[in-house]
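Worksheet: the structure to be examined is printed underneath.
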Amino acid sequence: MRRLEALHRRLSTKGPRGGLQRVLLFALLPFGWSFGWLSRFRAWLYRREILPSFRAPVPVLSVGNLAVGGTGKTPVVDFLVKRFLAAGKQVAVVSRGYGGSGTEGVGVVSAGQGPLLSPRVCGDEPFLLARRNPLALVFIAPRRAEGIRLAVEKYGAEIIVLDDGFQHLAVRRDLDIVLLDASRPLGNGHVLPAGILREFPAALGRGDLFLLTRCGDREGFLPPVPGPVLRSRHVLSGQAVSLSGEVVALEDLSAKRGVAFAGIADPGKFFASLENAGLNLLHSLGFSDHCGYLGEDLARLIEGAKGADYLVTTEKDGVKLPSGELPVPCYQVPMDLVVQDEAVMERALNPFLREGVEMAISEKLLELLACPKCKGEVHLRKEKNRIVCEECRLLYPIRDDIPVMLIDEAESF
């Protein structure tokens, strides 16, 4: 399985190597086109309101991506949660809970006092967010609308952060943040299984704010997008935390022999960051994404630790590890997000930080408004202070809290 994943990543990001891989990629293209058109048709059904979508009574911010895996959503969600908590907002994260066994209905990962579910039940990412932000609300729900209702009606959530929500069109959002890996924003440009994209690149037109992650010296091609493009980096924390909670400086490990491992979408970048931080690594072990470290995987990890003084991994992997079964100490190294264009990010978030933002344009008024061009439904984009018609791709201005529904005043996007 690991070899197949590595082959697919190579085809999707670096292109085929040799005639056989070219034939394989060519054979996958029709499946990618079919999947892309199905995704496009599904989005059209939501845009035309043939498929219903839920409008929450509080602002909803979605963090998602166009590609599968490896764009660093968790640090971005963590960044937003910390920003809203610092502003005194009751923020709730609603996630699908991928990688966990799940619960019946909505699972309460945190009610504002730290994790209540294990990572094997709720998934590593929701658990990690609850542990990093014990005052935040965190829920898992296959039907995100149900999680949002519970968060608002029972726990008093004021802002919702929808984790991995770009394709979850059953919930309307007020800000769509789309993450793209700076080195390969679109991979090879093809949709799954011929590439890494979940939809055709044209789907970026639904986004509001675009965040290039892991920016460095080289940045791949990004087509024109309808919103600001920010750049960011994921940086290693200067501290490592053992599975028992002991904190050590990362530089204190540099004189010892370590083995790095990770079960994430792109472990190579994590391993390179550790080496750049000065760690002396005997070797590195890559596992499948969301690996549970049971059975053969745990045996492989124990075997790989021979001759090492310590093991080092990501926080997402560390929450699932059985510390008593490892032969040497195991340390987790947190990853933090650094946004280079922080002023632009603040401007995008400011409308959601003001008191009573959700009441600026009431839901009742929105229900009465219609696009004067197509007579269809419109909704509010708070971050742009505009009324938007997705069908006509028009933005109508709001002046003195009054919508100006005139075609001549509208801006296209």
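Each reported figure results from applying straightforward, stated rules to the coordinates on display, with no laboratory input. Quantities reported herein were computed from a predicted structural model and do not represent experimental measurements. Cβ atoms come from the backbone with ideal geometry, glycine included; neighbour counts cover every protein chain shown.
I need the peptides 117-123, 222-228 ranked by packing, meaning the mean over residues of other C-beta atoms within 10 angstrom, with the highest value on top. Intermediate results must be reported in sequence, preceding the final value.
On the way: 117-123: 21.6, 222-228: 14.3.
Top to bottom by mean Cβ count within 10 Å: 117-123, 222-228.
Could I have the simple spin-label model distance between Leu294 and Ser244, label points 7 Å from Cα toward Cβ, reported in nm to one decimal?
2.6 nm
May I ask which of Lys89/Lys154; Lys14/Lys306; Lys89/Lys375; Lys73/Lys306; Lys73/Lys373 have a Cα-Cα span longer than 27 Å here?
Working: Lys89/Lys154 16 Å; Lys14/Lys306 33 Å; Lys89/Lys375 36 Å; Lys73/Lys306 33 Å; Lys73/Lys373 37 Å.
Checking Cα-Cα distances, Lys14/Lys306; Lys89/Lys375; Lys73/Lys306; Lys73/Lys373 exceed 27 Å.
Using a Debye calculation, one point per C-alpha and no hydration shell, please list log10 I(q)/I(0) for segment 1-115 at q = 0.18 Å⁻¹ in order.
-1.19
If each of Ser118 and Ala87 carries a label point 7 Å out from its Cα toward its Cβ, how far apart are those two points in nm?
3.8 nm
Could you work out the Kirkwood radius for segment 238-333, taking every pair of different alpha carbons, averaging 1/r and inverting it, reported in Å? Walk me through the numbers on the way to the answer.
Values: mean 1/r = 0.0766 Å⁻¹.
That comes to 13.0 Å for segment 238-333.
Given a cut-off of under 8 Å on Cα pairs at least six residues apart, what relative contact order in percent is computed for the chain? Don't skip to the answer; put the middle values down first.
On the way: 824 pairs, mean separation 63.8, N = 413.
Relative contact order of the chain: 15 percent.
What FRET efficiency, computed as 1/(1 + (r/R0)^6) with R0 = 41 Å and r the Cβ-Cβ distance, is obtained for Lys373 and Glu104, rounded to the nearest 0.05? Write out the running numbers ahead of the final one.
On the way: r = 45 Å, r/R0 = 1.10.
Once the sixth-power term is evaluated, E becomes 0.35.
Could you work out Rg/(2.2 N^0.38 Å) for the chain, with Rg from alpha carbons only?
Normalised by 2.2 N^0.38 Å, the Cα Rg of the chain equals 1.03.
Return the whole-Å distance between the Cα centroid of segment 1-59 and the Cα centroid of segment 123-162.
Rounded to whole Å, the Cα centres lie 28 Å apart.
Starting from 0.36 nm per residue, how many nanometres of slack lie between Leu7 and Asn350 once their C-alpha separation is accounted for?
119.2 nm
Compute the length gained on full extension between Tyr155 and Leu222: take 0.36 nm times their separation in residues and subtract their Cα-Cα distance, giving the result in nm to one decimal.
20.1 nm
In segment 273-289, which residues have a backbone nitrogen under 20 Å from the label point lying 7 Å from Glu251's Cα in the Cα-to-Cβ direction?
273-281
Using alpha carbon centroids, what distance separates segment 320-350 and segment 228-296, in Å?
Segment 320-350 and segment 228-296 have Cα centres spaced 11 Å from each other.
Relative contact order (percent) for segment 103-142, with alpha-carbon contacts under 8 angstrom and 6 or more residues of separation?
51 percent
With an 8 Å cut-off on Cα pairs and a minimum separation of 6 or more residues, tell me the relative contact order of segment 238-333 in percent.
It rounds to 35 percent for segment 238-333.
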